[in-house]
Structures are given as structure tokens and as C-alpha cells.
Amino acid sequence: MLTRRAGLSALAALSATGLARQASAQERFPDKPIRIVVPYAAGTATDLAARQLAGAMGEVLGQRPVIENRGGAGGIVGTEIVARSAPDGYTLLFAGSQTHAINISLYRRLPYDPVADFTPIARLATQPMVLVVPSQLPVRNVAELVALAKSRPGQINYASSGIGTTAHLTGSALRVQAGVDMTHVPYGSGALLFAGLINGDTSLMFYPWQPLKPHVESGRLRVIATAGEQRLPWLPDAPTMIESGFPDFVAASWFGIFGPAGVPADRVTILAEAIRKTLENPEIVAGFAAAGTQITYMPPAAFRGFINSEIERYRKVVADSGAKVE
């Protein structure tokens, strides 16, 4: 009898030890490196922001995330990879407005659902678009640009990095809201995009600040407005599109971190809190600002609501642009 009791006590002790180890393992999340998939090529604005975040985030988590670039098809390739990954919190996606708000209206067949197939972890930041023109174009503000476009119907071209990109949709929004006849010119190459604009082959472009900065500082391009809700600290003299007579004109790319659908709530909380702390790091704040990026942290529940509202907002923007991709 004593032997049986001793055996049962030992078994109970082993079970308790096993449960304790399991609980301890769960508490230690993450206990191995996290993979962050960037659905664009290395060196892009999204990739640079992800790499900047990863280093500081690793200090908070105790595990440095590993960046994996899986570009292709407007961000679809890498985004789908994460959607089909195990929901354990060890595979995340660094993506944003293109993959989770625009593509669902742009592509006739999208191999993922931006809401049902993902767990929103946190919104990180936004990049308000900046309106530039070639320095030789005789306009100094939006009113003069619109007047020029109206005086030359069909002759003013606006550039973008491709059909359905934020640059394209923002230029289209100006065309619609200003009631002007302008032509969209998409470029597949960043080098050709800037060469065409600087040479005057195209007349205007909305784009994030970081790639524009060297061309503006050299005098080859001129900033005439920004598309944020307020003036940007790094371009304090540039009026917003709202100030320029377009009260509803706000256009900005945004970034966020996502997991596959079904990531455990406790792990979502750990990741979201780590991101929040990382975004308070002075080096991250300064680095993002230098890249023309505003930190606009949003926790999981609020981020989910924001994504839904952005999907609805872009339905009309995409429809007005006429853009569709097979």
C-alpha cells in the first residue's frame, strides 16, 4: 500500500513538474528568434523600416527578430506566406496599407483575406505623401498646379511606381477632387520614375519623403504640399492639401505588424507591448523621423478597427482610379 501511494505521489510530482515546465515555457515567449517577413525587396522603404525596428525590438524581447524578404506581386507573395504559417507568434508580417487595405479592391483574385487570415498585432507608423513637381514647372502651390492642369487638359501627367500603388491612387484622388484631366504614367523602376519626373516627362508625383529628399535638396524637385492631417516637422513650410483647399485630402502609407489568424492572445499582448516600448526608443523616433515616418502606434483591437475602416475607404479610391490588376 505504501509502495502504491509512493508511486502515485511520484507520478503526481512528475505531472506537476511537467505542467510547471510547460507553463514556464509559455511564460518565456519568445524563447527563439522570431521571423518577420517583409513582402518587398531588400532596400525598399518598408524593408528599411522593418530592419530598423527589428534591432531595437530584439533588445526588448530578448530575441532579435530575423528579417526575411519575400517580395512579389504587390506584396501578395510574402503576405500569403504568413497567412499560411503556424499561428504561434514566431512568424510575423511587416506590411501595411498596400497589402491590407488596397489590394483587396485592386486585385480580382486575392489569395488571402486581409481581415480573416491575420491577427493584427500593432500599427507602427505612417508616411504622409509629399507632392512634388520638377523644378522647371512654373508652379509654386497646389492652386497654380490645378490651374495649369485645367489650362492644358490631358497634357499634364502624374507619375507613380505602379498601378494601384499609393502614389497612383493619391494622384488619381487629386485628379478627381480637382476635376482636372490628367494622365497616369506608371513606372516599373525607381530610377526611371525619378528620371522621368526630373526631366519633365511627368509633371507631378505624390511619394514618401525619404526617396524624395536628395532630389529636393539638390533643387531638382520642388515640394508644393504634403498630404498628412497636419504639417510635417521635417517640412514645416509645406502646406497640407487640406490647407491648399482640399478639406478631405489625406493620403499616407502606413505600416503594421501582423501574425497569422489564431495567434494566442497572451503572445499578441507580449508582442504588442514590445512594439510599443520599441517605438519609444529615442533612436527609433529619430530614425523614423529622418525617413519621413511618423510613429502612430495602435494596439491590436484598435488596429483591427482601423484596418476595416481603411478597406472601406480605399474601395472608393480604387474605384475612382479605375485601377484593376488581374
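All of the numbers you see were taken from the coordinates with simple rules; none came from a lab. This structure is a prediction, so every number in the text was calculated from the model and none was measured. In this analysis, Cβ positions are derived from the backbone assuming ideal geometry, glycine residues included, and neighbour counts consider all displayed protein chains.
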Radius of gyration, Dmax [the chain; alpha carbons; angstrom]: 23.7, 102
Cα-based reach from Lys32 at 20 Å (exclusive), listing aspartates and glutamates while leaving out same-chain residues under 8 positions away: Glu59, Glu68, Asp88, Asp266, Glu273
Ordering 281-293, 165-177 by per-residue average of other C-beta atoms within 10 angstrom, highest first, gives 165-177, 281-293
Rounded to a whole number, what is D in µm²/s for the range 130-226 from Stokes-Einstein with the Kirkwood radius over alpha-carbon pairs (37 °C, 0.692 mPa s)? 252 µm²/s
Which whole-number percent gives the relative contact order of the range 130-226, counting Cα pairs below 8 Å spaced six or more residues apart? 46 percent
I'd like to know which of Met129, Ala225, His100 lies farthest towards the positive end of the charge dipole of the chain, counting +1 on Cβ of Lys and Arg and -1 on Cβ of Asp and Glu. His100
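Considering only the other residues whose Cβ falls under 14 Å of the Cβ of Val37, what net charge follows from Lys and Arg at +1 and Asp and Glu at -1?
Local net charge: 0.
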Estimated dipole of the chain in Debye, rounded to 20 [Cβ of Lys and Arg +1, of Asp and Glu -1, Cα centre]: 600 debye
Which one of Val176, Pro236, Pro120 has its Cα pushed farthest toward the positive end of the charge dipole of the chain, where Lys and Arg give +1 and Asp and Glu give -1 at the Cβ? Pro120
Going residue by residue through the range 295-311, the Karplus relation 6.51 cos²θ - 1.76 cosθ + 1.60 with θ = phi - 60° gives ³J(HN,Hα) values, rounded to whole Hz and with x marking Gly or Pro, of 6, 9, 4, 9, x, x, 5, 5, 5, 4, x, 5, 4, 4, 5, 5, 4
Inter-part gap, Cα centre of the range 132-149 to Cα centre of the range 290-326, in whole angstrom, is 28 Å
Quick check: net charge around Ile295, other residues with Cβ under 11 Å of its Cβ, Lys/Arg +1 and Asp/Glu -1? +1
To the nearest 10 degrees, how steep is helix 2-27 against the longest Cα principal axis of the chain, on a 0 to 90 scale? 10 degrees
Gain in span if fully extended, Ala42 to Ile295, counting 0.36 nm per residue against the direct Cα distance: 88.9 nm
Tell me which trypsin sites (Lys or Arg not before Pro) from the range 107-144 have a DSSP coil assignment and no more than 11 other beta carbons within 10 Å of their own. Arg108, Arg109, Arg140
Using a simple charge model, +1 on the beta-carbon of Lys and Arg, -1 on the beta-carbon of Asp and Glu, nothing else, what dipole does the range 130-226 show about its Cα centre, in debye to the nearest 20? 120 debye
5 Å is the cut-off here: which amide hydrogens, built 1.01 Å from N in the peptide plane, fall below it relative to Glu68, excluding neighbours closer than 5 in sequence? Ile36, Val37, Val38
Mind checking the angle between helix 45-61 and the chain's longest principal axis? C-alpha axes, 0 to 90 degrees, to the nearest 10. 30 degrees
Here the net charge surrounding Arg140, from other residues whose Cβ is less than 12 Å away from its Cβ (Lys, Arg +1; Asp, Glu -1), is -1
Distant-in-sequence amide H partners of Ile121 (H built 1.01 Å from N, under 5 Å): Ile257, Phe258, Gly259
